[in-house]
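Undergrad: Shown below is the structure under consideration.
The values are calculated or read from the model by the stated rules, or taken from the named source; none is laboratory data. None of these values were measured; they are calculated from a predicted model. Neighbour counts are summed over all protein chains in view; Cβ atoms, including those assigned to glycine, are modelled from backbone coordinates with ideal geometry.
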Amino acid sequence: MNTQELDDIITRIEMLGEEDANVLREKGASYGSSWRKYGGVSAFMNLARKWDRLIHEAERHNYDVFVAAEVDMRDETILEDIRDLRRYLFLVEEHITTLAMNKVD
C-alpha cells in the first residue's frame, strides 16, 4: 500500500467517523443511554448481540465477511450490523474513557 492509498483509506475512515457521530446524535435523541441501562452488562450484551448476528451471517459463507456482505439480502444487512457494532464500540469506549478520566480528576 502506497502513501496515497493509505491517505484515501484514512479519509474514508474519517468520513465514517463523522457519519457515526451524526447517527449516534440522532439515535441518542430518541433512545438516550438505553444501551447501558443496566450498566456494563447491558453494554456488553448489545455488543454481543451485534457480534452474534455477524457470526451467524459470516458462518454461512465460511466466515468470509466480504462474500457474506456481497450476497446478504436481508432487510438489515451485514454491513448495517457492522456499522451498529462499530457505533456501540464507540459508545462503550467513550463511556469507559470518561469514567477513567473522572477517576483521575
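Undergrad: Does the stretch 70-87 hold any residues that are under 19 Å from Val23 (Cβ atoms), out of contact with any Asp or Glu (no Cβ under 8 Å at 6 or more places or on another chain) and of a type in the set (A, V, I, L, M, F, W, C), and which are they?
TA: Of everything in the stretch 70-87, those that are under 19 Å from Val23 (Cβ atoms), out of contact with any Asp or Glu (no Cβ under 8 Å at 6 or more places or on another chain) and of a type in the set (A, V, I, L, M, F, W, C) turn out to be Ile82, Leu85.
Undergrad: Output the residues belonging to the stretch 57-79 that are modelled with pLDDT under 95, assigned to a helix (DSSP H, G or I) and not aliphatic (A, V, I, L, M).
TA: Glu57, Glu70
Undergrad: Only residues in the stretch 29-42 that are assigned to a loop (DSSP other than H, G, I, E, B) count as the first member; pair them with residues that are of a type outside the set (A, V, I, L, M, F, W, C), Cβ under 9 angstrom, at least 6 apart or cross-chain, and list the lot.
TA: Pairs found: Ser33/His95.
Undergrad: Could you pull out the residue among Glu14, Glu19, Glu26 that is surrounded by 11 or more Cβ atoms within 10 Å (Cβ to Cβ), under 18 Å from the mean Cα position of the chain (by Cα) and more than 15 Å from His95 (Cβ to Cβ)?
TA: Details: Glu14 fails: surrounded by 11 or more Cβ atoms within 10 Å (Cβ to Cβ); Glu26 fails: surrounded by 11 or more Cβ atoms within 10 Å (Cβ to Cβ).
Sole residue among the options that is surrounded by 11 or more Cβ atoms within 10 Å (Cβ to Cβ), under 18 Å from the mean Cα position of the chain (by Cα) and more than 15 Å from His95 (Cβ to Cβ): Glu19.
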